[in-house]
Amino acid sequence: MRSLWGKAPFQFELRHLPKPTPGPGEVLVQVTACGICGTDLHFLRHNPDWTPLGHEVVGLIAESGPGVTRWQAGDPVIVENHTACGVCRLCKNGLSHYCQDITTYMNDRAGFADYLRVRADMVQPYDSRALEPKQAALSEPLTVALDLLQRADPELNDEVVVFGPGPIGLMLTRLAKLRGARRVFLTGSNRSSRRGRRRLEVGQQMGADVTLAEAEDDIAAAMRELVPQGVDCVLVTAPPRSLPLAIEIARFGAIVGLIGIEFGGAEQITFDANAFHFKKLQLRASHAIPNHYFPSAVDLLARRAVDAEQLISHTFSLDDYAHAFQTLADPSQEGVKIVILP
């Protein structure tokens, strides 16, 4: 079977490995689609060691290991990449969000592969009549958006700002509108590149009332004019350097939700702690691990409440992996969400 690995700086190996055999309590999934995540790009920019790529996996049950009775060969499934143990103190106290005894395949198995062997309780069913594999592949990133939405918990009629028009930010734009936001303001880095312009256009399709670009707009001044009292909730899916601006535009008592990450020194930022304190703000981090909300994500996609087709800009075959990653990383291309098929 094929299995895609990568390391910095943007090096790839399409390895040919033996087809796995599921052990007790495991299933073997034949991969039918896998989306490229921004985390994959982080690995390719910063990881010095070979790293398995791909964790937004959809497939079919190929085999079940001993003791597995729930699944039949051919069942369509979506694969969790991090699953809570279910038995630790935090899990048993109803706090599985904070489980640290997590099972993951991402350390030694690639989702960009022909097959993926996982624990049987790491797969979720979906209706293949309602969703094509490429559409179902958006379930995992949608769970990430749902996790941040739940952590930040914007209320009905809130003024909400979303930083970052990548797939997570675009999904959050739609989710905030579905939750009853009064207005959603979406900010991106620029409109000058084809990618930047296209993502803000998709943001409008997802329900953004106003779109702003850091390179062309004074976002702080624009937000002061649009919402003089400050916004109720800021959802940060952009790099951490966006946090000082989030603090500036937030109203007294607002909530800032964070899922944006960066490496190579850009994870270090400074902000005015007194301003944060005297405005009585809350900063809530969402790591979205272990995975939750898959049933909700699948339902939202199947009902087109979140329309995968608005987000999927390209599909590529696994053998064309280099072109797929180059397209997503190139600002001169209109890459939004890219899905790799077998």
* Scan the stretch 180-209 for residues that are more than 28 Å from GLN150 (Cβ to Cβ) and charged (D, E, K, R) and jot them down. => ARG191, ARG194, ARG195, ARG197, ARG198
* Asked: Out of all the residues in the stretch 257-280, is one or more under 13 Å from the mean Cα position of the chain (by Cα) and at positive phi?
  -> no
* Asked: Does at least one position in the stretch 111-126 carry a residue that is loosely packed, with under 15 Cβ neighbours inside 10 Å and not hydrophobic (A, V, I, L, M, F, W, C)?
  -> no
* Filter pass, GLY207 being of a type outside the set (D, E, K, R) and surrounded by fewer than 24 Cβ atoms within 10 Å (Cβ to Cβ) -> yes
* **Residue tally, condition assigned to a loop (DSSP other than H, G, I, E, B) and open to solvent by less than 30 Å² (accessible area, probe 1.4 Å), over the stretch 66-81** => 4
* Structure fact -> Counted residues in the stretch 210-228 being surrounded by fewer than 17 Cβ atoms within 10 Å (Cβ to Cβ) and in contact (Cβ under 8 Å) with a residue 40 or more places away in the chain come to 1
* Asked: Can you tell me how many residues in the stretch 111-137 are more than 12 Å from VAL29 (Cβ to Cβ), in a loop (DSSP other than H, G, I, E, B) and not polar (S, T, N, Q)?
  -> 8
* **Within the stretch 82-105, tally of residues that are surrounded by fewer than 17 Cβ atoms within 10 Å (Cβ to Cβ), touching a Ser or Thr at 6+ places or on another chain (Cβ under 9 Å) and farther than 15 Å from THR143 by Cβ** => 4
* Asked: Does ASP108 satisfy the condition of being touching a strand residue (DSSP E or B) at 6+ places or on another chain (Cβ under 7 Å), assigned to a loop (DSSP other than H, G, I, E, B) and either of a type in the set (Ser, Thr, Tyr) or more than 19 Å from ALA137 (Cβ to Cβ) (or both)?
  -> yes
* To do: Considering each of LEU142, LEU149 in turn, give the residue that is part of a helix (DSSP H, G or I), modelled with pLDDT of 95 or more and crowded, with 24+ Cβ neighbours inside 10 Å.
  => LEU142
* Give the residues of the stretch 323-334 that are surrounded by 13 or more Cβ atoms within 10 Å (Cβ to Cβ) and of a type in the set (Gly, Ala, Ser), sorted by residue number. => ALA324, ALA329
* Set LEU60, LEU28: member being assigned to a strand (DSSP E or B) and open to solvent by 40 Å² or more (accessible area, probe 1.4 Å) -> LEU60
* Asked: Among the residues of the stretch 172-217, which ones are in contact with a helix residue (DSSP H, G or I) (Cβ under 9 Å, 6 or more places away or on another chain), acidic (Asp, Glu) and over 15 Å from THR237 (Cα atoms)?
  -> ASP209
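The values are calculated or read from the model by the stated rules, or taken from the named source; none is laboratory data. Just so it is clear, the model here is predicted, and its values are computed rather than measured. Ideal geometry is used to build each Cβ from the backbone, glycine not excepted, and the neighbour counts take in all protein chains shown. We work out accessible area using only protein heavy atoms, side chains counted, and drop any ligands, DNA or RNA first. Shrake-Rupley method; radii C 1.70, N 1.55, O 1.52, S 1.80 Å.
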